[in-house]
Amino acid sequence: MEPKIDGLGVALYFENKIFKRGATWGDGSKGEDITPNLKTIKSNPLKLTVDTFLNNVEFRGEVYMPKDAFREMNKKRIKEVKEPFANPRNAAAGTVRNKDPKKVAQCPLNIFIYSISYYEDDNFKTHWEKIDEIKKAGLRINDKVIRKDGIEEVMKYIERFRNQIEDLNYEIDGIVIKVNNLKVHEILGTTKHHPKWAMAYKYPPKRKTTKIKNIEIMVGRTGKLTPVAILEPIKLSGTQVSRVSLHNEEEIRQKDIRIGDTVLVEKAGEIIPQVIKAIKKNRDDSENKFEMPQRCPICGSAAKMIGSKVIRRCMNSQCPAQIKQRIEHWGSRNVMNIEGLGPQLLNKLVDKGVVKNIADIYDLKVEELRKIERMGKKLSINLLEAINNSKERALWRLIFGLGIPFVGEYIAQILTEHYSNIEELMNVFPKELEKIDGIGPKIAKSVVNFFNEEKNSELIQQLRQHGINMIAEKEEFNNFLEGKKFVFTGALDKYTRDEASKEVKKYGGRVTSNVSRETDYLVVGKNPGSKFDKAKEII
Ligand SMILES: [Zn+2]
């Protein structure tokens, strides 16, 4: 018996004890090669131990993301204005397929090996022998894998295990029960989809019913109105749940959720709680249909759907709810890192009209803070010092902090690799931005639109007057091609030859016209000429 890990099935091939290849299971016959990414998983050895007789062998396993790592990752994604992953499985699947192993290495994926699927001199008699050999070979076996005799024992174990699920640092959705004797495996055979000698017992997800007391509207940093169900509190998977996002009005319409409804709420492990459905037979006509407001509940401005059929936004950029969240984002640790600029203080500062935009926090005075928040002198001074220190942050933090839709930490960093000051970025055309690897039309348009708005360019102007750094550190990015010689041949997709040369020179590289032994990089486009052949000769 083994916990059924809710991760991503993989196959690992070792040749002469050395890890050679790894692939996702895919549809069982065709998966994706993810070898470099699997190499980043620390518990996955690159070489089998000398203790094992296994040499050329294929293992089966499950890559997963530990729950604690998943929580951290989602926290980070929310801060970066990226959609959080719905569950650890999706997070693991998304990560393991990432094209950049460096990024994968930053994510703490882990792996459990559970079987040997191929071995050249296969003379194993039982599944348990395989397990022992996997351990000997130095691969990671789940310590909950256990051998039980008879169905009674199996049932007992399943019952007992139910109470342990919450304490595990990984998601499981059941227990797999396998026949130990490999001869029996042969007799039982497999169906088209799965072996007949293994069976999964699935635990039902954690669900409970409760009542929706009300539906409130939350106004986000970009003005997005999100309906949130206020529940009669329930305990699910060990945590108290009293508010659940209903996402948008379309979702409410589809599920026909009404205020006063009894609803089924699910939280399978780490998944953010969700309202699954309304229990309609419990209705007694006291329920009220929810109508999405046409106006922002905070500032009363029109809330419109623009470019979306489901998302409604408060169109007033001076909306207090938006201002508060924008400044909170600006001050947060991943952005300008201003300690002490919390939501409570911001509520007061914005409500009293002292702070109307990000730039205003740089005008705050000690006396003001002491009066408004009854802050101690030392605390006020510390906060102002933290605000002052934030002027020296890297350019990407400023760009991230502005809250441009779709521009998170990562995109902001890419942008500063290509634009060394905010001025350059403000004058860019969408087409030019799209040439940058990692930036699609949606982001490009969003960046250009943002800076085209007068109030945003005004904000930049104000921030500049306050002395906020608006230049990327040149050394960091600009000379990384120093001393490198480039030659181009053939037609490039996104650049003319001239543009490409310019890019190379911008970062300190040199462009020459002939291939020689001195050439560091030959960039080969469509229909390359003789330079390509010459390069092959030289190598
Ligand atoms: Zn508003």
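General observations
- Whether a residue is buried (at least 17 other Cβ atoms within 10 Å of the Cβ) and either within 16 Å of the ligand (Cβ to nearest atom) or under 15 Å from VAL219 (Cα atoms) (or both) was assessed, and ILE298 passes this test.
- Unmet requirement for ASN347, which otherwise passes all of (1) out of contact with any Gly (no Cβ under 9 Å at 6 or more places or on another chain); (2) polar (S, T, N, Q); (3) surrounded by 21 or more Cβ atoms within 10 Å (Cβ to Cβ): (3)
- Qualifying residue in the stretch 208-218 (condition: closer than 27 Å to ASN90 by Cα, touching a His at 6+ places or on another chain (Cβ under 9 Å) and within 16 Å of the ligand (Cβ to nearest atom)): no
- The listed residue being crowded, with 16+ Cβ neighbours inside 10 Å, modelled with pLDDT under 90 and in a strand (DSSP E or B), out of ILE217, ILE234, ILE212: ILE234
- Of all residues in the stretch 405-421, those satisfying the criterion of being in contact with a helix residue (DSSP H, G or I) (Cβ under 6 Å, 6 or more places away or on another chain) and touching a residue at least 40 places away in the same chain (Cβ under 8 Å) are PRO405, PHE406, GLU409, THR416, GLU417, TYR419.
- Some residue of the stretch 331-339 being under 29 Å from MET73 (Cα atoms) and within 14 Å of the ligand (Cβ to nearest atom): no
- Taking the stretch 438-539 and the helices (runs of 4 or more DSSP H) fully enclosed by it, the elements with 3 or more residues that are at pLDDT 90 or above and surrounded by 14 or more Cβ atoms within 10 Å (Cβ to Cβ) are at 441-452, 454-465.
- Any hit, the stretch 39-52, residues being outside any loop (DSSP other than H, G, I, E, B) and under 23 Å from the mean Cα position of the chain (by Cα): yes
- Residues of the stretch 314-330 satisfying the condition of being crowded, with 16+ Cβ neighbours inside 10 Å and either near the ligand (Cβ under 9 Å from one of its atoms) or hydroxyl-bearing (Ser, Thr, Tyr) (or both): CYS314, ASN316, SER317, CYS319, PRO320, ALA321, GLN322
- Test for GLY150: is it without any contact (Cβ under 8 Å) to a residue 40 or more places away in the chain, more than 11 Å from MET1 (Cα to Cα) and either outside the structural domain of LEU236 (by TED's automatic domain parsing) or not basic (Lys, Arg) (or both): yes
The values are calculated or read from the model by the stated rules, or taken from the named source; none is laboratory data. Given the structure is predicted, the values throughout are model-derived calculations rather than measurements. Counting neighbours? That spans all protein chains shown, and the Cβs are built from the backbone with ideal geometry, glycine included.
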